[in-house]
Structure formats: structure tokens, C-alpha cells
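The values are calculated or read from the model by the stated rules, or taken from the named source; none is laboratory data. Please read these numbers as outputs of a predicted model, since none were measured by experiment. Virtual Cβ from ideal backbone geometry, glycine too; neighbours counted across all protein chains shown. Each accessible area value is taken on the protein alone, full model and side chains, heavy atoms only, with ligands, DNA and RNA left out. Shrake-Rupley method; radii C 1.70, N 1.55, O 1.52, S 1.80 Å.
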Amino acid sequence: MPVIDELWRDLDRVSRAGARPAYSLIDLTTWVTISYRLGRAIRMLPRVLRFPALCAHKPLDVALSTITRIALSPGAEIGGGLRLGRVGGIRVAEEAYIGRDCDLSEGVTIASCSGAPWIGDRVVIGPGAKLAGPIRVGNDAAIAPNAVVESDVPDGATVAGVPARLVDGNGSRGRLVPGRKRPPLLDAIRGLVRGLLPRPTQLLLRD
């Protein structure tokens, strides 16, 4: 299922960035991502099942949004491999599109204004940045902290300032952990079990 593939990619990127599986289970930003994926899955259900599922999911979504100050509309299309900033204050408009393996830092706003932004794959958006309108942000781009982006950003570009302008840089290349496809189910289960089990103690043998 696409939703499971995307969620696996989310959790895999967080883990490969250094987070232990046990920490991911208590990290609120991880639960925000899970809640968003659940909201997307509910939208795909038959109408007869959608309403009760929404009623069950809504309290969790509201509670997480209130605590974390992160609002990911289930109407927004966000690819797998999403990583969220720790502090919060993140807002993503309902009509927005965000590609795979993107990083949204704290305070990021992706707003709709006569249309919503289209953001490509492997884009890093720095703290406090704001993107608005029917703009296109290319693959491998980097948005500097507190930048205000109201026009298109080419692939691999770095932009900064108010309003944002092109600056020297290599975009997001080398700045983020790339995502991976979900392995077969048995391999995924084995990897999860290995991550949860304590690592064996290595004995040093002396002559």
C-alpha cells in the first residue's frame, strides 16, 4: 500500500539520521507524521467507513496539532521520507504538494494564496521560511532560514532573503539523508526487531 510505503520511508529516514527506534516511539513529531498518514489513508476509504474513521482519528489529530503546533492538512500531498523540525510551528496548506525526502524545519509555513506551492524531492526548508502561492520549488533545492519565497526556485538552487533570491550554494545536495524504498515485509520485520533488541556485548579476549 502506498501509505505504508510512505510511512516506512518516513520512519527509516528518521532512524538513519541517528534516532533510536525507542526514541522515535516517544517523539511527538513522529506521531504527527503517523497521524497525517492515517488521515490520508482515511480519505481513501469508502464513504460508509470514512465518517466513523474520521471521528476516531480527529481527536488524536487535534491533540497533536495543539501540543506540537504542527498542522499537516490531510488534503496536502506529501511524499514519503518527511522529516519535521523539533520545535513546531509548521503549517502546510491543504492544496500543497511536497515531494519525497524533504525536511521541514521549525516555523515553516507553506501557504495557499491563489494556489499552493509545488515542492519537489529532497528539498530542505530552513527555520522560519515561508512559501506562498502557486510557485514551483525544484528538486534538491534549499530554502534558507526566514526566507520568503513567492517565485519559482530552480532545481538544485539555494535561495535566501526577503523576498528570496538565488545565492551561491549546492542546494540540498549532501545536506540530508536520502530515502529508501520499503524492503519486503519479512526484511522490514527483521530490521525492526534488530533495532529494538539490545546490542550484544562484545567480549575482549586477552592472550
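Being modelled with pLDDT under 95, charged (D, E, K, R) and out of contact with any strand residue (DSSP E or B) (no Cβ under 8 Å at 6 or more places or on another chain) is the requirement here; does residue 121 meet it? Spelling it out, it is not the case that residue 121 is modelled with pLDDT under 95, charged (D, E, K, R) and out of contact with any strand residue (DSSP E or B) (no Cβ under 8 Å at 6 or more places or on another chain).
Just one residue in the set 180, 190 is open to solvent by 100 Å² or more (accessible area, probe 1.4 Å) and at pLDDT 85 or above; that residue is 180. For beta carbons closer than 8 Å, sequence separation of 6+ or different chains, a first residue in segment 149-162 that is more than 11 Å from residue 137 (Cβ to Cβ) and a second that is of a type in the set (Asp, Glu) and surrounded by fewer than 17 Cβ atoms within 10 Å (Cβ to Cβ), the qualifying pairs are 158/168. Just one residue in the set 50, 43 is exposed (fewer than 14 other Cβ atoms within 10 Å of the Cβ) and within 24 Å of residue 11 (Cβ to Cβ); that residue is 43. Just a yes or no: is a residue in segment 82-95 assigned to a helix (DSSP H, G or I), open to solvent by 40 Å² or more (accessible area, probe 1.4 Å) and not charged (D, E, K, R)? There is no residue in segment 82-95 that is assigned to a helix (DSSP H, G or I), open to solvent by 40 Å² or more (accessible area, probe 1.4 Å) and not charged (D, E, K, R). Within segment 72-81, the residues that satisfy the criterion of being open to solvent by less than 30 Å² (accessible area, probe 1.4 Å) and not in a loop (DSSP other than H, G, I, E, B) are 72, 78.
Could you please find all residues in segment 136-169 being β-branched (Val, Ile, Thr), within 20 Å of residue 89 (Cα to Cα) and crowded, with 19+ Cβ neighbours inside 10 Å?
First pass over segment 136-169, keeping only residues β-branched (Val, Ile, Thr): 137, 143, 148-149, 153, 158-159, 162, 167.
Among the residues that remain, those that are also within 20 Å of residue 89 (Cα to Cα) are: 143, 148-149, 162.
Listed by number, the residues that qualify are 143, 149.
Filtered by the rule that a residue be surrounded by 14 or more Cβ atoms within 10 Å (Cβ to Cβ), out of contact with any strand residue (DSSP E or B) (no Cβ under 7 Å at 6 or more places or on another chain) and within 21 Å of residue 89 (Cα to Cα), segment 12-27 gives 24, 27. Could you count how many residues in segment 104-121 are surrounded by fewer than 23 Cβ atoms within 10 Å (Cβ to Cβ) and closer than 16 Å to residue 175 by Cβ? Matching residues across segment 104-121 total 3.
Would you confirm whether or not segment 38-45 contains a residue that is more than 23 Å from residue 176 (Cβ to Cβ) and touching a Leu at 6+ places or on another chain (Cβ under 7 Å)?
So in segment 38-45, the residues more than 23 Å from residue 176 (Cβ to Cβ) come out as 38-39, 41-45.
Filter again for touching a Leu at 6+ places or on another chain (Cβ under 7 Å), leaving 42.
For segment 38-45, residues more than 23 Å from residue 176 (Cβ to Cβ) and touching a Leu at 6+ places or on another chain (Cβ under 7 Å): present.
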